[in-house]
Amino acid sequence: MSMGLLFSIGIGGFIGAILRFTLSGGIQKIIGSTFPFGTLFVNVLGSFIIGFLFLYFQQVNLSVYQKSLLITGLLGALTTFSTFSLDTVLLMGQGFYMKALINVMMNVIFSVGATFLGMILFKRLYL
């Protein structure tokens, strides 16, 4: 693996991590709930973007560096299934089993749905 590729992923990860922190925390602060809506938001947003980019990359000639920066770096750091998992375990540890189940269901259903919608948007705009 080349240093250029690692650097591309690192730059994307740096940006994605900052976006995750800012967006997730901002949403959580605005809503002011014990339910992890901030994490849900970035997971759905990232899923939407990856659906769009997946089809976009099939139409344009981007380098492996550009694709890796956006997918592995930026979206890998933006979407937070590790945080989602921790949020779910913490909810269960506090005895909020129904909230934990709802959290799992909403993250999976909305994220998969957002990926699908990202693909639909791309097709409507570019195909």
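We did not get these values from a lab; they are worked out from the coordinates using the rules stated. Keep in mind the model is a prediction, meaning the values are calculated, not measured. Positions of Cβ are generated from backbone atoms using ideal geometry, with glycine treated the same way; all protein chains shown enter the neighbour counts.
Mind sorting out which of (1) 1.11; (2) 1.16; (3) 1.01 is the real Cα Rg over 2.2 N^0.38 Å computed from the coordinates? Entry (2). Electrostatic bookkeeping for S33 treats Lys and Arg as +1 and Asp and Glu as -1; over the other residues with beta carbon under 13 Å from its beta carbon, the sum is +1.
Relative to the longest principal axis of the C-alpha atoms of the chain, give the angle of the C-alpha long axis of helix 97-126, reported between 0 and 90° and rounded to the nearest 10°. Around 30 degrees separate the two axes.
Angle of helix 81-93 to the longest C-alpha principal axis of the chain, folded into 0 to 90 degrees and rounded to 10: 10°.
Under a Gaussian network description of the chain, with springs only between Cα atoms under 10 Å, the residue in V60, V89, V112 that fluctuates furthest is V60.
Helix 3-31 and the longest principal axis of the C-alpha atoms of the chain enclose an angle of approximately 30°.
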